[in-house]
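**Q** Provided herewith is a single structure, encoded as structure tokens, for subsequent inquiry.
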Amino acid sequence: MIKLDYGNISTEKVGQAHGLNLPQVFEDYREQIQDIVSRIYAEKDQPGGWKRWLNLGYDQTLLDELNAYAQSVKGRFSDMVILGIGGSSLGGYAMLRALLHPYWNQLSDAQRNGFPRYYFVENVDSDQINPLMDMLDPQRTLFVVISKSGTTAETMSAFMIAKDWLEQKLPADQVKQHIVAITDAQKGVLRPVANQLHYQTFEVPDDVGGRFSVFCAVGLLPAVLCGISLSEIQKGIQDLDKVLQNPDLQQNPAAQGALIQYLLYQQGKPISVFMPYSYRLASVSDWYVQLWAESLGKKHDLQGNVVHVGPTPVRAVGVTDQHSQVQLFNEGPFDKVFTFISVGKPAQDIQIPANQFSDVEDLNYLNGKPMSQLMQAEFESTRASITNNQRPNMTLHLPQVDAYHFAQLLYLLEVQTAIAGALMGIDPFDQPGVELAKKYTYALMGRKGYEGLVSEARGLKSPLGV
């Protein structure tokens, strides 16, 4: 099971000015956390509450549908292209990056056991899309288009390009076999299009927002198409969920992490650094940045008051960023709280040869040591230096990177975010700050009904009239 170590948050470790008196604050917030956790789980089926992502780990019907589809197309496609952005791509990419061979796309078909290579088109840059299309075989390519509303300009423009490309390359009756749509069950633009053109479809469930959608078809379809065990993902969530439903703060790691981050934010530490010591988990940092920023960065609280709150998430990766950001982390402003991710066992270890540079004193200490020992030493030394420089930090420990523990990591962070939002008194499930830029994009692209925003979008007129 995933474990949280928060010892380096204490005043004993990082001092009165930067740490927390953990026994005291745990007692002070015991009843509030109990109420928050109980309420979150009590509302998981409430329409319009946007908490149905808490049910995704128990949806056996979805797993059966995804497994059946994956089995029906196994071996047909050498390449899979996921068209999505934000919550429609970050979680799925993090999952494939973590659970497949690190150089999956470079393996032969036989080495991949007939499962496809994967590509994510998450931007509108022609320099990404054109070279990708040049190297794909239309007969052997599957496109997965993901948009709950079907109006996401970035995703739908890429989909239109892919659909046109297939129509030019394939007989008309074959095109539908190369497109899967993941969208709202009833509403939106993509649903009627997919139904009319007879695409295979899967649903983004009601009251599941994009950044909380990784454990529905959004993340699970790309995973199962590449041979990842969905049952292990669900088992990991279900086992951890028994712990996270416990309203006792002393027993709930998601509640502990949320409270610690909330209190340190209040204490003048608005930057949340997320730093996995794992190549496989590097892209979880990107997923975390969206989860934390879009959920907690809000102008208004639940009463409508203007509050302008929200911690700033920062992506880092160990050990790479020891040679990049750690100088700032150790000696810069005292405005950060750190979450390290430590992995106990690599998928494959490698031994440093024992016969290299044995006569060079400054190098021979490495001889014969496993690389995992060096990785662990790098993690422990960085954590020690951060702590000794009075920077509060906590560590999530994974025994290994597999489907079971990866699912626990993401699920814990989702629940932690929901609890943090409740502590801050804001809605962590909306994103009104994203909408204005979307409207300006519609105006600049000539979408009907948005003509009046063109001047604002071009910076020629302020919405405040100044």
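The values are calculated or read from the model by the stated rules, or taken from the named source; none is laboratory data. This is a predicted model, so every value here is computed, not measured. For neighbour counting, all protein chains shown are included, and Cβ atoms are generated from backbone atoms with ideal geometry for every residue, glycine included. Surface accessibility is based on the protein's heavy atoms, side chains included, excluding ligands, DNA and RNA. Shrake-Rupley method; radii C 1.70, N 1.55, O 1.52, S 1.80 Å.
**Q** Limiting things to C-alpha atoms, what are the Rg and the maximum Cα-Cα separation (Dmax) for region 77-207, in angstroms?
**A** Rg then Dmax for region 77-207, in Å: 14.5, 41.
**Q** Give me the one-decimal Kirkwood hydrodynamic radius in Å for region 147-214, with the sum taken over alpha-carbon pairs.
**A** Taking every pair of different Cα atoms in region 147-214, averaging 1/r and inverting gives 12.6 Å.
**Q** Something else about it: Hey, what do the phi angles of region 359-370 turn into as Karplus ³J(HN,Hα) couplings, whole Hz, using 6.51/-1.76/1.60 and θ = phi - 60°, x for Gly and Pro?
**A** Those phi angles translate into 9, 9, 4, 7, 10, 5, 5, 7, 4, x, 8, x Hz.
**Q** Please report the spacing between the Cα centers of region 411-465 and region 229-303 in Å, no decimals.
**A** 23 Å
**Q** Would you pull out the residues with amide H under 5 Å of GLY332's amide H, same chain only if 5 or more places away, H placed 1.01 Å from N?
**A** Counting only residues 5 or more places away or on other chains, the set is empty.
**Q** Sticking with this structure for a sec: At 20 °C and 1.002 mPa s, what whole-number value in µm²/s does Stokes-Einstein give for the translational diffusion of the chain, with Rh from the Kirkwood sum over Cα pairs?
**A** It comes out at roughly 89 µm²/s.
**Q** Can you name the helices of the chain, as whole DSSP H runs, whose Cα span along the helix axis is 15 Å or more and whose Kyte-Doolittle mean is not below -1.0?
**A** 30-42, 60-73, 153-169, 230-244, 253-266, 284-296, 371-388, 403-424, 432-444
**Q** Further question on the same structure: Computed from the mean reciprocal separation of all distinct C-alpha pairs, what Kirkwood hydrodynamic radius does region 7-61 have, in Å?
**A** 14.0 Å
**Q** Still on this model: Quick one: Cα centre-to-centre distance for region 322-385 and region 119-142, in angstrom?
**A** Centre-to-centre distance over Cα atoms comes out at 37 Å.
**Q** Next question, about the same structure. Counting only Cα, what are the radius of gyration and maximum Cα-Cα distance Dmax of region 22-148, in Å?
**A** Answer for region 22-148, Rg first and Dmax second: 20.5, 63 Å.
**Q** Follow-up question, since we're still on this one. Would you kindly compute the Cα radius of gyration of region 105-178 and its largest Cα-Cα separation (Dmax), both in Å?
**A** In order Rg, Dmax, the Cα atoms of region 105-178 give 13.3, 38 Å.
**Q** Please report the carbon-and-sulfur percent of the accessible area for region 227-320; probe 1.4 Å, protein heavy atoms only, DNA, RNA and ligands left out.
**A** 49 percent
**Q** Amide H to amide H under 5 Å from GLY344: which residues, 5+ apart in sequence or cross-chain, H placed 1.01 Å off N in plane?
**A** Result for GLY344 returns LEU398, GLN400.
**Q** So what's region 334-466 giving for Rg/Rh, alpha carbon basis, Kirkwood Rh from the mean inverse pair distance?
**A** 1.23
**Q** Let me ask something else. Which far-off residues, 5 or more places away or on another chain, put their amide H under 5 Å from the one on ARG117, with H placed in the peptide plane?
**A** ASP79, MET80
**Q** Using a 1.4 angstrom probe, figure out how much accessible area the chain has per residue, in square angstrom, rounded to the nearest whole.
**A** The answer is 46 Å² per residue.
**Q** Using every pair of alpha-carbon atoms in region 66-139, split the distances into 5 Å bins beginning at 0 and state the percent of pairs per bin, rounded to integers.
**A** Bin by bin from 0 Å, the calculated values are 3, 13, 21, 26, 24, 10, 2, 0.
**Q** With Kirkwood's inverse mean 1/r over C-alpha pairs for Rh, give me the Rg to Rh ratio of region 154-287, two decimals please.
**A** Result for region 154-287 is an Rg/Rh of 1.08.
**Q** Counting pairwise Cα distances across region 218-264, what percent come out greater than 12 angstrom?
**A** Tail of the P(r) past 12 Å holds 69 percent of the pairs.
**Q** Follow-up question, since we're still on this one. So what is the 222 nm mean residue ellipticity for the chain from helices alone, if each DSSP H run of at least 4 adds -39500 (n - 2.57) and you divide by all residues, rounding to the nearest 500 deg cm²/dmol?
**A** Only helices count here, giving -13000 deg cm²/dmol.
**Q** Per-residue counts of other Cβ atoms within 10 Å, averaged by peptide: what ranking do you get for 258-264, 55-61, 202-208, highest first?
**A** My ranking of the peptides, most packed first, is 258-264, 202-208, 55-61.
**Q** Once the convex hull of the C-alpha atoms of region 188-228 is built, how many Å³ does it hold per residue, rounded to a whole number?
**A** 73 Å³
**Q** Could I ask something else about it? Of the cross-linked pairs LYS163/LYS439; LYS51/LYS269; LYS148/LYS242; LYS51/LYS439; LYS44/LYS242; LYS44/LYS438, which ones have a Cα-Cα span greater than 20 Å in the structure shown?
**A** As for pairs spanning more than 20 Å Cα to Cα, those are LYS163/LYS439; LYS51/LYS269; LYS148/LYS242; LYS51/LYS439; LYS44/LYS438.
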